[in-house]
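The values are calculated or read from the model by the stated rules, or taken from the named source; none is laboratory data. Computed from a prediction, not measured in an experiment: that's the story for all the values here. Cβ atoms come from the backbone with ideal geometry, glycine included; neighbour counts cover every protein chain shown. Surface areas here come from the heavy atoms of the whole protein model, side chains and all, with no ligands, DNA or RNA. Shrake-Rupley method; radii C 1.70, N 1.55, O 1.52, S 1.80 Å.
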Amino acid sequence: MKMSILALSTLLALSQAIPLSAQPGKPTAEELLYVNSAQGKEFWIAIPPNEISPFPVNELEIYIASAYDTDVQIYDASGPRQFTLKVKKGEILTLTDSRGETNWAWEVREFEEPVRKGVRITSKQPISVYVLNSKTTTSDGDLAIPTLSWGHDYIHCSYYDFREIRGWAGGFLVVSKETGTVLNIELEGVGAADAKTAGGKSSARPCLTCS
């Protein structure tokens, strides 16, 4: 199995809403386990860019919780490297860049090309996974969806590119679990006739392949 990520622009849309804890951005174990459909034994995650590069960073962290004592295996496709850690029932396991468990190089800033920057997280027991990309004035977070709940048809909703102070692109990442995945992307909504990707593709040229 190979992992590829197609970065069309700058935002990942595979997430679910969960209640916020008292500490912004960092969930508790109870909050992570709140959404039953977000628990699973296999996850592939990717890190969308937060802010422009370079920009002062705070932390890049992954929070893992389970209702069971279990071992969690992390595979970094960009290395590649692999390591195993233990999760205790009802507690948060934190992977952080300060210990080298996560890496700011994971941010996908390439666009419209497959890159090996995926992270696979597996466990013998169901777990929940939350990702936090925190920088000085902005934080991005998402509750990861297990591969068992993945589908084949998605609608991504976003605003136009933001250009008030400087150019911030709107967009999304596509995570592919298998080699040879072909994407059919249709640019719709307001301005669909003029819409183009950062690489100049329009709805007339929608097919891209993850290799």
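A few remarks follow.
- Being assigned to a loop (DSSP other than H, G, I, E, B) and modelled with pLDDT under 70 holds for only one residue in ALA198, ALA192, and it is ALA192.
- Per-region count, region 134-148, residues modelled with pLDDT of 90 or more and not hydrophobic (A, V, I, L, M, F, W, C): 2
- Number of the condition not met by PHE55 [criteria: (1) surrounded by 14 or more Cβ atoms within 10 Å (Cβ to Cβ); (2) in a loop (DSSP other than H, G, I, E, B); (3) not hydroxyl-bearing (Ser, Thr, Tyr)]: (1)
- Output for region 35-51, where each listed residue is under 17 Å from the mean Cα position of the chain (by Cα) and not small (Gly, Ala, Ser): GLN39, LYS41, GLU42, PHE43, TRP44, ILE45, ILE47, PRO48, PRO49, ASN50, GLU51
- Identity of the residue in region 169-184, among the hydrophobic types (A, V, I, L, M, F, W, C) and part of a strand (DSSP E or B), that ends up modelled with the lowest pLDDT: LEU183
- Any hit, region 151-167, residues being of a type in the set (Phe, Trp, Tyr), within 22 Å of ILE45 (Cβ to Cβ) and open to solvent by 30 Å² or more (accessible area, probe 1.4 Å): yes
- Condition met for VAL35 (out of contact with any Gly (no Cβ under 9 Å at 6 or more places or on another chain), modelled with pLDDT under 95 and either open to solvent by less than 70 Å² (accessible area, probe 1.4 Å) or closer than 11 Å to ILE121 by Cβ (or both)): yes
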